[in-house]
Each structure stands twice: as C-alpha cells, then as structure tokens.
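First up is the structure itself, then whatever we jot down about it.
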Amino acid sequence: MGIDVGKFLKNPEYEIKITTFRDIFQVEAQERDRFGKDYEKLSACIVMSKNDMEKMGLKPGDRVKVANNNGSIVVEVRESKRDEPGGVAFMVNSPWSNVLVSDDTGGKGLPDFKNITAKISLVKEEITSLESLMEYFRKLKQV
Amino acid sequence: MSTCPGCALLCDDIEVVVESGRIKETRNACRRGAARIKGCINRLAPTIDQKPSDIESAIKKAAGILKDSKSPMLFGFSNSTCEAQVKGIQLAKKLGAMIDDTSSFCQGLLIEKILQKKFRTCTLEDVRNKADVLVYWGSDAQDSQPRHLSRFSYFPRGESRQRGYEEDRIAIAIDVRESNTAKICKGHFYRIQPKGDREFILALIDALSGKVPAYEPKKILELAAILKKAEFGVIFVGIGLTYSIKEDFDILVSLADKLPNFQIMPMVGHYNMRGFNENLFKETGFVNRVRFHDTAVHDDKYSIIEALREKSIDALLVAGSDPLSSLTRSLIRHLASIPVICIDPCVTMTSKIAAVTIPCAVSGVESGGTAVRMDGKKIGLSKIIESDYLTDEELLVRLMGAL
Ligand code: SF4
C-alpha cells in the first residue's frame, strides 16, 4: 500500500486582506439570540470573489482557517454574489472577525476594525463556535 | 404609534400588536427593529459570581465592587435612555470614575466635531424635503439603518423633491464593498481600496478646486461635477469613512469647506449613542473618554480600548453593551482579570463572564424615556408593554443609593 503523501502536505496558505461589513440578517439574529445557530452561521463566514476563490482553490462551503498574529478562526467560505474585482475578502462584523483585529492603536483608542491582513488556508477542522470563543475567555479567567 | 429603539433612526411610526401583554406583531418596522421590539429569547437573570441571586443582593454586591475599586470605569449607555445616561454620568462623577461609551470606537470623533460646530448639518426632515444629492460614504444604510433611504433620503417625496428618486434625487455610494446601499445607487458607485478614503478625498478636493486629480481623474471629475450642481447635498458619513480617516479627520472638514451646499450627517447605529455624546458634552464639554477628578478630564487613555490595553482599570460596569463581543480579542484579556458588572436586558457574552449581572427592562419597549436621533433631534420612546424589570435608570439610582 502506498503512502498517502497528501496527508502530510499542508494546504497552501494565501495572504488575504479582509474588511468587515454589516448584514441585516445577522443583526436580526443577534437581537433574537446571540448564542443561537443562526447568528453563528451568519457570522462565522468569509465572503470572497469568484476570482480569488479560484486562485486559492476554494469552493463555496469549504472551511478555511483565517489566522494572523492576533488569533485564528475557522469559518466557511461563501462566494460573493457581486461582481467583485477581488483582492479583498469580507467578513461580517462579529466576535469572529474581532479575533483577527490588531490591538495596535497608536494610543488613540481606535483599532483598525475594518483593515485586517491574515493568512487563509483550506482545513477540515470544525467551524469555530461562539462557545469555543467563550471558552477562550473562561480559560483566561482561570489563569 | 410607537418609536423603534432598533437604531438611531428612531422610527416613530411603528404599530405594535399586543395580545395578552405580549408583542405579537410589529408593522412598519424593518427586520432589525422588529427583532429588537420582539426581544431576545435569553433574558438576563440576577447573578453573583455566575450563581443565581436576587436584584437587591446583586446591587449591593455591585456597589461593593465599585466602592473597593481605585480605578473604575463605566461603559456602554448607547442602548440606554437619556435619563439613564444622565444617571450614569452622575454615578461616574460620584465615584471619580472613567466613563466611556461605544462611540469611542464608533462615530465619536465625528459627533464631537458636529457638536463643536465644525460641520454644517441638518435634520432628517430637511433631507426629506430638500436633499437632491445624497452621498453614502462608508455607510451601508440598507443593512444598518434600514429605513434611512425609504423614510428620509432617496425614495420619499419632499417639499422641493416631488419626484423623489425617479428624477429629483441622486444617490451616490463610496465604499470598499458594493454594499446593498451601493446597489441602489446604480451608476454612482465609487469603489475604493481599504483605507483609500484619504486619497479619494484629496483627489475630490483637487477636482473641486479646478485641478486635475492624480487619482482616477475621469471618475473623480465626473463625481465633482455632480456634487457642484447640488442644491442641497448631504454626505452621510458611515463608520467605514470614520475608521479610515481617523488620524486625519480634518481632511473631511476641508472637503466640506469645498462643498458649501452640503451638510454632514453621522450614520449612527445604536439608538441613543448620540444621546450619550450630547449628555456628556453638556456636562463636560467632551463626548466620551472622560475621567472625573475634581473636574472632568478628557484623554484618549480614558477610552475603554486604551484602559484595557494599559490595564488601568480595576472594575468595569457595563450598561447595555457587550464589549466581549464587540472588542478585539487581544484587548479583552484584561477583562478576564477584573470584576465586571453587567446591566442588560439579555444574556450577552460579557454577562457570561461578569462578577455581577443585573437584568433591566428593554428601553423603548418595556420602558419609555427620551433618545437622540442620529441628526440630533430628541425623540420620545414609548412603553409598549408592562414588565416587572426595573429600568436601567432606576437600577443606576439604586446603585448610587447603595454606595
Ligand atoms: S430603521 Fe432603525 S429605527 Fe427604523 S424600524 Fe429599522 S431599526 Fe427601527
């Protein structure tokens, strides 16, 4: 039996710029139940142009790890329904996108919430749940 | 008719069908507003150290935490009535505490300049009656203030705009993303790169000054021509623009100077963020980031962001806000190491790690009061249904009493 080399190969990583936006359906879900599945589904995703997805070998529904020095999350890829030129991906403003935002404010009290650079790669891991984000804080509390 | 506390548009034409003391249906409200009025499914309960308690004990415990604190901060208030905000400011004064609100990392910079009269501004009724050129800049009203275009700006008829969007009004979107608002601004969507607003403003200033702009000259000159022809133009400044030019806000003042027929309006999300800014401004001359000593001192280090970064607070009272959800993860580490008091109608991420939780009524649904619309107009809030929950105003008064 041959060795499955693919198993040991890391999926390629691509650098990506991300900006955040607001989505009325996500806001509605948050008002109703911020711990519910709808809020999670509408938040834990990244919207990309068809071009960028093709370049990175991603399909709608794929799970990707989006990571930088500030943190790392796993979210679902969605294809933008718009005619995007590419180069920038979009995430709904949420606790998930906030994991990736730098706290470098130059002392001015305003982080760059809408200007994120991260690495993106295809993964098989589960989508980061709100519960796991909460778990992170609970652990901090125990330290 | 009731007022919707869903966003700072404070729509006052909402019909609510109440059956047996419960909200059955809303009419006229958008999705966001209907969801706010119908309420969350997880109501907060009083707790101490995450264990069930009662309101009185929770208030006593909260007062104890604040009394023991050498450097407390009060934060939130954008979802509170003006009456509760005034009490919050009084409490901060009494404690010698820092006080800050969500505008600190939202539209505070812009609202401060508006209150200082650095920009011409107008009411939403002026927009409806007079505006012919509407510029949504870094603002997706359709998703954030969903009835903005239909109640006030693009679609309605107005005194001097009988033919609304069909003939009398032009809507323009300048954004990084082709938002739902940009989709409506057909043919007038200007896409910019993230952080590209500064370059765009400078090019536009050049074009308005009769120079050929260095950046996308054809598009910028075409836009400048539309803006110059406006009889009553409005730039709706969204959070996208504010974040992008935060270090250099005066370039927006320079642009406004070049556009004498234009007004500037902040696009505010939380229903009474502007109310907090106005109330604190009236008391101290500043819109946020204040510490009360003998006098009120304003400094960036009194912003919630810097206070958490510098670990300069040792207790935090949060009213109607969820910093655990809305701040960056790297910043909230300090939150885990200090006692947090959370006053909110609903369970939030912050309430789940709070030392004390105190439930309150949903303002504008279970209690009335006043709030300030995004354009500065005071609007009355309605009590739509009865509830046993105390208002955040009453809770803050009791907390002050317990000190
Ligand atoms: S636009 Fe804002 S105030 Fe009006 S109904 Fe929607 S959420 Fe409520």
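The values are calculated or read from the model by the stated rules, or taken from the named source; none is laboratory data. All figures in this text were calculated on a predicted structure; none of them were measured in a lab. Cβ atoms come from the backbone with ideal geometry, glycine included; neighbour counts cover every protein chain shown. Only protein heavy atoms, including side chains, enter the accessible area calculation; ligands, DNA and RNA are left aside. Shrake-Rupley method; radii C 1.70, N 1.55, O 1.52, S 1.80 Å.
In order along the stretch A:41-50, the phi-based Karplus estimate (6.51 cos²θ - 1.76 cosθ + 1.60, θ = phi - 60°) of 3J(HN,Hα) comes to 4, 7, 9, 7, 8, 10, 9, 10, 6, 4 Hz; Gly and Pro are listed as x.
Listed values for the stretch B:131-138 are Karplus-derived 3J(HN,Hα) couplings in whole Hz (6.51 cos²θ - 1.76 cosθ + 1.60, θ = phi - 60°), namely 5, 10, 10, 10, 10, 8, 10, x, and x replaces Gly and Pro.
Only Lys, Arg, Asp and Glu carry charge here, each on its Cβ (+1 for the first two, -1 for the last two); on that basis the protein assembly as shown has a dipole of about 300 debye about its Cα centre. Couplings 3J(HN,Hα) of the stretch B:336-353, computed from phi: 5, 9, 10, x, 10, 10, 10, 10, 6, x, 10, 5, 10, 4, 5, 4, 6, 10 Hz, in residue order, whole Hz [Karplus 6.51 cos²θ - 1.76 cosθ + 1.60, θ = phi - 60°; x for Gly and Pro].
Computed as a quarter of the hull surface, the mean projected area of the alpha carbon convex hull for the stretch B:166-242 stands at 5.3 nm². Buried surface between chains A and B: roughly 4800 Å² of accessible area, summed over both sides, computed with a 1.4 Å probe on protein heavy atoms only. Close amide H contacts of B:S80 (hydrogens built in the peptide plane, cut-off under 5 Å, sequence separation of 5 or more or a different chain): B:N272. Averaging 1/r over every pair of different alpha carbons in the stretch A:11-142 and inverting the result gives a Kirkwood radius of 15.3 Å.
Overall, the stretch B:331-403 carries a charge dipole of about 300 debye about its Cα centre when +1 sits on the Cβ of Lys and Arg and -1 on the Cβ of Asp and Glu, all other atoms neutral. What a 1.4 Å probe finds exposed on the stretch B:108-266 is 48% carbon and sulfur by accessible area, rounded to a whole percent. In this structure the amide hydrogen of B:E25, modeled in the peptide plane, comes within under 5 Å of the amide hydrogens of B:V17, none closer than 5 places in sequence on its chain.
When only the Cβ of Lys, Arg, Asp and Glu is charged (+1, +1, -1, -1), the dipole of the stretch A:11-142 relative to its Cα centre reaches about 100 debye. Taken residue by residue and averaged, Cβ atoms of other chains lying within 10 Å of the Cβ of A:32-38 number 5.
Database remark: amide H of B:Y190 closer than 5 angstrom to the amide H of B:A173, B:I174, B:D175 (H placed geometrically; neighbours at sequence offset of 5 or more, or on other chains; Pro and chain starts carry no H).
Run through every distinct alpha carbon pair of the stretch B:108-266 and return the Kirkwood hydrodynamic radius in angstroms, one decimal place. Taking the inverse mean of 1/r over all distinct Cα pairs, the stretch B:108-266 comes out at 15.5 Å. Note on chain B: helix-only mean residue ellipticity at 222 nm, from DSSP H runs of 4+ residues weighted -39500 (n - 2.57) and normalised by residue number, equals -9500 deg cm²/dmol.
Restricting the calculation to Cα atoms, every distinct pair contributes to the Kirkwood radius of the stretch B:70-114, found to be 11.2 Å.
When the other protein chains are added to the chain by itself, burial of at least 20 square angstrom of heavy-atom accessible area (probe 1.4 Å, ligands and nucleic acids ignored) affects these residues of the stretch B:121-161: B:D143, B:S144. For the protein assembly as shown, the Cα-based Rg and Dmax, in that order, read 23.4, 81 Å. Considering only the other residues whose Cβ falls under 14 Å of the Cβ of B:P156, what net charge follows from Lys and Arg at +1 and Asp and Glu at -1? Here the count lands on 0. For chain B, the C-alpha radius of gyration sits at 1.02 times the compact-globule guess of 2.2 N^0.38 Å, with N the residue count.
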